[in-house]
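Written below as structure tokens is the structure these notes are about.
The values are calculated or read from the model by the stated rules, or taken from the named source; none is laboratory data. Just so we're clear, the structure is a prediction, and the values are computed from it rather than from any experiment. Note that we place each Cβ from the backbone using ideal geometry, even for glycine, and neighbour counts take in every protein chain shown.
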Amino acid sequence: MPTSSASTTDAAKPAAASGGVQSLERAFDLLERMADAGGEVGLSELSASSGLPLPTIHRLMRTLVACGYVRQQPNRRYALGPRLIRLGESASRLLGTWARPYLARLVEETGETANMALLDGDEIVYVAQVPSKHSMRMFTEVGRRVLPHSTGVGKALLAHTPAEEVRALLARTGMPAATEKTITTPEGFLAALETVRVTGYAVDDNEQEIGVRCLAVPVPDSPTAAAISISGPAGRVTEAATEKIVPILQQVARELSTALANTAANGAS
């Protein structure tokens with residue numbers, strides 16, 4: 001998803017440049033800018049970030065409000081509307097469906113259960129899983145929601161998020177201990193994120209459940225922040241196994257990223 005640092009002229013490009021409908025391009029650009037800003041903005045903020053004049057933004061927002069995709073708050077600011085939830089849930093399920101063949105490859109090559117997860121608001125939601133063929137295996141229900149601080153996928157998804165945003169998220173969710181090994185301080189979690197940035201992968205070492213280790217990597221350039229992981233008994237997902245598994249995880253994440261980009265490009269053509 002585009003960040004708030006996108007060129008301020010992007011939204012104002014003529015429709016002919018991309019063969020699309022200019023008002024639709026502008027409306028979706030505004031929705032993405034609202035998401036980047038945390039879901040609630042004022043018209044002047046949208047004007048400053050998009051480069052569009054206030055009357056144009058007001059007209060687009062009025063249409064989005066009428067359709068239920070945006071709602072106006074009592075303080076006159078605009079927030080993402082509830083109708084987007086249905087679209088997001090359907091898109092998450094579809095993203096999980098696209099990912100399943102790649103997760104199946106992970107299971108074949110590592111022998112462990114493979115998962116895909118997204119960051120939805122302040123929580124991690126699992127959108128796809130392919131179970132290990134071992135009789136002793138890990139199982140996480142698709143649709144399950146957990147807090148990011150005690151999971152490998154949470155660390156992978158937040159590794160490149162500014163520290164102040166991470167602290168704000170942790171302040172909202174709290175950092176309850178799932179096990180005695182769960183990280184329960186912002187400083188400890190930020191240090192773990194630094195390790196992820198250095199090594200290129202995240203570890204949940206008995207932090208969500210005793211006896212279970214998970215390895216996770218982000219899916220680069222995903223249309224929405226996503227991570228894939230493998231999880232298994234700590235006796236199998238050892239340090240030696242980690243050295244073999246991480247390159248496989250990273251390769252599959254790159255291939256999934258390419259597949260998602262191709263799907264998006266084909267859908268736009």
Counting only residues that are out of contact with any strand residue (DSSP E or B) (no Cβ under 9 Å at 6 or more places or on another chain), in contact (Cβ under 8 Å) with a residue 40 or more places away in the chain and under 16 Å from ALA178 (Cβ atoms), the stretch 210-235 contains a total of 0
Here the residues within the stretch 132-171 that are at pLDDT 95 or above and of a type in the set (Lys, Arg) are LYS155, ARG167
Expected output for the stretch 95-112 (first residue outside the structural domain of PRO233 (by TED's automatic domain parsing) and surrounded by 19 or more Cβ atoms within 10 Å (Cβ to Cβ), partner at pLDDT 90 or above and assigned to a helix (DSSP H, G or I), Cβ below 9 Å, 6+ apart or cross-chain) is none
Across (1) closer than 30 Å to GLN250 by Cβ; (2) modelled with pLDDT under 85, ALA117 clears everything bar (2)
In the stretch 190-217, anything outside any loop (DSSP other than H, G, I, E, B) and either outside the structural domain of GLU108 (by TED's automatic domain parsing) or within 24 Å of LYS133 (Cα to Cα) (or both) is listed as ALA202, VAL203, ASP204, ASP205, VAL212, ARG213, CYS214, LEU215, ALA216, VAL217
Any hit, the stretch 220-229, residues being over 17 Å from the mean Cα position of the chain (by Cα), surrounded by 12 or more Cβ atoms within 10 Å (Cβ to Cβ) and in the same structural domain as ALA261 (by TED's automatic domain parsing): no
